[in-house]
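Comments concern the structure below.
The values are calculated or read from the model by the stated rules, or taken from the named source; none is laboratory data. Since the structure is predicted, the reported quantities are computational estimates derived from the model, not experimental observations. Don't worry about glycine lacking a Cβ; one is built from the backbone with ideal geometry, like all the others, and counts go over all protein chains shown. Note: accessible area is taken over every heavy atom of the protein model, side chains too, but ligands, DNA and RNA are not part of it. Shrake-Rupley method; radii C 1.70, N 1.55, O 1.52, S 1.80 Å.
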Amino acid sequence: LKDQFDNLDKHTQWGIDFLEKYAKFVKERIEIEQNYAKQLRNLVKKYCPKRSPKDEEPRFTSCIAFFNILNELNDYAGQREVVAEEMGHRVYGELMRYSHDLKTERKMHLQEGRKAQQYLDMCWKQMDNSKKKFERECREAEKAQQSYERLDNDTNATKADVEKAKQQLNLRTHMADENKNEYAAQLQNFNGEQHKHYYIVIPQIYKQLQEMDERRTIKLSECYKGFADSERKVIPIISKCLEGMILAAKSVDEHRDSQLVIDCFKSGFEPPGDFPFEDYSQNIYRTISDGTISTPKQEGMRIDTKTTVGKAKGKLWLFGKKPKPQSPPLTPTSLYTSSTPNGSQYPIFSIEPVHYCMSDIKTGKPRIPSFRSLKRGWSVKMGPALEDFSHLPPEQRRKKLQQRIDELNRELQKETDQKDALIKMKDVYEKNPQMGDPSSLQPKLTETMSNMDRLRMEIHKNEAWLSEVEGKVAARSDRRHSSDINHLVTQGRESPEGSYTDDANQEVRGPPQQHAHSNEFDDEFEDDDPLPAIGHCKAIYPFDGHNEGTLAMKEGEILYIIEEDKGDGWTRARRHNGEEGYVPTSYIDVTLEKNSKGA
């Protein structure tokens, strides 16, 4: 390789270019890792739920598992960032620093080699110049010798010419000898420098270039290893992330999710009952057979159909429930349903029009709720907020009310603890006045007591709503159970047409029929019966009743007690006009009665 300096120059340059090429590869890999981690984080952020209220938090195991997977994926993205950072620090940064040092070292070694080559070339030029000068002087000496010999042999030449030619010959011979000596010295010097150049200087420079190239190769090997180690270090954590995803997948419970759906959408309503059989043949009268004694009971038969509306509740009909009666068109003659023995008719004001209207209401429209329910529905539509959750189904309303009661109880407990702490601090201040003024705590104590009273009132109000919901659900269940029992009990005789045939005189009775219709009307609209009075009270002090659910009263006013104090300091009362609400127990004088339901 002593004569391959240019090739070594190209090889070392190729080695540095390859090093920089690998550094560029590592840089692009780092950018890929960073972009990958960034995209993963953006993906997690896109599908992660925003901060939602407590009621909207995911409860399904599949959703919780998905959010756990997103968290693990976010950690995985963090590990990709760690890989990129480690590669940038251990590999790319080290390669760039080493590449700069390598370029500097290579430049220095090449400069030394070029200097040695230039010095050798200079020695060769000096030797070549002395050689050419020696050669020129030798030719001049030969020419002088030939000229001297020619004049010496020429008989016509003068002695002076011969002497001059001899002197010229001696001069050229002497100069040739001097150039010969100089040429020999330059040649010896060049041979020595050339030997030193090819056996000492150049081998040393080549050795340094070789060591530099080997260090470059070793550095590449270390960077390859560091490149792999950067990935291998995070493999345990990445494995934990993947294990977390697998555990999240295993935590999905389809039965629990189904139960959550059931609990979330359970309404508490009873399924609709069976549709009754509507017998449209009641107004078709039988053809009297030949062997039958004809009796004039057509008028009574029509009244029988109407009478069953009020009397036949709970009786066993042909298809389980009583058919809805169909009234004939109202005519002027239908107002007369009986006649005197002399043939004159007297008017009996039948309830057929009322019954016809009621039948139309019952068959063509859904059941009208109670007046209290209508009032509550009107307040729900008109009011800004549904505080009692009356817009929800019974089961959902019960859950919401129970949650609110639990929250209010927690707040009440906090206020109670704060009151106890303030009382203790006040006692300490009273015993040690230098620690503080006891009167400074009174406003805070008053505010806490007011908050406690407000929370107790809210709890009581929500408990009343909750008991109302639970009572309605229980009542609905009891009514359904009793209707199922009554459905199987026969309370009278039935004719083939399905009308009650106990007694014809009872069937044409007017006032009971009207009373039966009024009872059915009351059953339609009085779904929620008022609570019975259990006593009475007299207001000792006046009460404003500004808060919702309370009842204002004047001093000396007499009220009915419908619910006793349950320990929270409030009693439920009712005025004579039916207005109900809570009043402070300490503001009234209560008198309870044993048999006061009808009072």
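Some values worked out for this structure:
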read-out: Shape of the range 394-474, Cα gyration tensor, a/c cut at 1.5; value: prolate
read-out: In the range 394-474, lysine pairs with alpha-carbon atoms under 25 angstrom apart (chain gap of 8 or more, or interchain); value: 17
read-out: Shape category assigned to the range 535-592 from the gyration tensor of Cα positions, a/c cut at 1.5; value: rounded
read-out: For the range 535-592: accessible area per residue (Å², 1.4 Å); value: 56 Å²
read-out: Nearest-0.05 FRET efficiency for M122 and N170, computed from C-beta distance (R0 30 Å); value: 0.30
read-out: Extended-chain gain in nm, criterion 0.36 nm per residue less alpha-carbon gap, K266 and R150; value: 27.2 nm
read-out: Carbon and sulfur %, accessible surface of the range 535-592 computed with the full protein complex present, 1.4 Å; value: 47 percent
read-out: Gyration tensor verdict on the range 150-290 (Cα atoms; rounded if a/c is under 1.5, prolate if a/b is larger than b/c, oblate otherwise); value: prolate
read-out: Solvent-accessible surface ranking, highest first, for I218, I202, I69 at 1.4 angstrom; value: I218, I69, I202
read-out: Distance histogram for the range 4-260 (every C-alpha pair counted, 10 angstrom bins, percent rounded to whole numbers); value: 6, 16, 13, 11, 10, 9, 8, 7, 5, 5, 4, 3, 2, 1, 0
read-out: Full-extension gain in nm, S440 to D17, via 0.36 nm per residue minus C-alpha separation; value: 144.1 nm
read-out: Potential lengthening between H391 and R454 on full extension [0.36 nm per residue; Cα-Cα distance subtracted]; value: 20.2 nm
read-out: Per-peptide average of other Cβ atoms within 10 Å, ordering 223-235, 436-448 highest first; value: 223-235, 436-448
read-out: Mean Cβ count within 10 Å, highest first, over the residues of peptides 269-275, 113-119; value: 113-119, 269-275
read-out: Theoretical FRET efficiency, 1/(1+(r/R0)^6), r = Cβ-Cβ of E214 and K27, R0 30 Å, to 0.05; value: 0.75
